[in-house]
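Colleague: One structure, as structure tokens, below. Some questions next.
Bear in mind these aren't lab numbers, they're just calculated from the coordinates by the rules spelled out. Values in this document were obtained by computation on a predicted structure and should not be read as measured data. Cβ sites come from the backbone with ideal geometry, for glycine too, and all protein chains shown count toward neighbours.
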Amino acid sequence: MRGPPLTYSHIREIFPYMESLSLHDDAFARQVADRLKSLRTKRGWSLDELATRSGVSRATLSRMENAEVSPTAQALGRLCAAYGLTMSRLMRMVEERFEPLVKTGSQPVWEDRSAGFTRRSLSPPAATLAGEVLECELRAGTRIDYPLPPRPGLEHHLVLREGALSLTIEGRRHDLVPGDCLRYQLHGESRFETPVDMGAKYLLFIV
């Protein structure tokens, strides 16, 4: 005789690492939607004003705040510039206190499936810590453009671990192979690209 169907809670008990939710899980999608709405209302901005500031359409902003669509990396990049926040701080409430040890199962994972982009917050943001550490993966043939940084002069250190990656920083292109480290302060646009036959895995340190 077959037992009752497994629920998500049961699966989490069997596989603790599934605590790392992607944006496509309902709970996390709702959390991000609520966070986006909270940021806008705290600033007293209408959807129309945020659309003007970010370059994201009013209709798209409304659907994101209602968890009807998953934000893309490019849309979140535009919102980061409008709010002056990194993507990690944009999507998550930043706690005043932090735990020194961040276990693998507690590291938030976000995924833009349309762009083939996955990012894990190895060291999530905290109010009293300046830096963040991200582990990112781009599938082959991916291109993501960010028109503006979250904050002018934001310091980045990117270490390519696997694959091939090209970064264009304010018009200057850099082609990376595994082991290379690209250090830069971002004031303008940036572009991440992978070749059609190879993806990339990298670590990104933001200060």
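Colleague: From the phi of every residue in region 137-148, what ³J(HN,Hα) in whole Hz does the Karplus formula 6.51 cos²θ - 1.76 cosθ + 1.60 yield, where θ is phi - 60° and glycine or proline is x?
Modeller: In residue order, the calculated couplings are 9, 10, 6, 4, x, 9, 9, 10, 10, 10, x, 9 Hz.
Colleague: May I pose another question? Net charge near residue 48: determine it from the other residues with C-beta under 13 Å of the C-beta of residue 48, scoring Lys and Arg +1 and Asp and Glu -1.
Modeller: Net charge around residue 48: +2.
Colleague: Along the charge dipole of the chain, Cβ charges K/R +1 and D/E -1, which of 69, 91, 39 sits furthest on the positive end?
Modeller: Of the options given, the answer is 39.
Colleague: Counting residues in the chain as N, plug N into 2.2 N^0.38 Å and put the Cα Rg over that result.
Modeller: 1.07
Colleague: Where in region 61-103 are there trypsin sites (Lys or Arg not before Pro) that are in a DSSP coil and have at most 13 other Cβ atoms within 10 angstrom of their Cβ?
Modeller: 97, 103
Colleague: Something else about it: Do the sum for the chain: with -39,500 (n - 2.57) for every DSSP H run of n ≥ 4, divided by all residues, what is the mean residue ellipticity at 222 nm, to the nearest 500 deg cm²/dmol?
Modeller: -7500 deg cm²/dmol
Colleague: Where does the longest stretch of the chain lie that holds no GluC sites (Glu not before Pro) found in a DSSP loop with 15 or fewer other Cβ atoms within 10 Å?
Modeller: 97-169
Colleague: Which of the trypsin sites (Lys or Arg not before Pro) found in region 118-207 are in a DSSP loop and have at most 13 neighbouring Cβ atoms, other than their own, within 10 Å?
Modeller: For trypsin sites (Lys or Arg not before Pro) across region 118-207 that sit outside H, G, I, E and B with at most 13 neighbouring Cβ atoms in 10 Å, the list is empty.
Colleague: Kindly list the residues of region 146-166 that lie in the label zone of residue 191, defined by a backbone N under 20 Å from the point 7 Å along the Cα-to-C-beta vector.
Modeller: 146-150, 158, 164-166
Colleague: Sticking with this structure for a sec: What lysines sit close enough to residue 103 to cross-link, taking a C-alpha to C-alpha distance under 28 Å and skipping anything fewer than 8 places away on the same chain?
Modeller: Correct list for residue 103: 201.
Colleague: Continuing with the same structure: What whole-number distance in Å separates the alpha-carbon centres of region 154-207 and region 72-137?
Modeller: About 17 Å separates the Cα centre of region 154-207 from the one of region 72-137.
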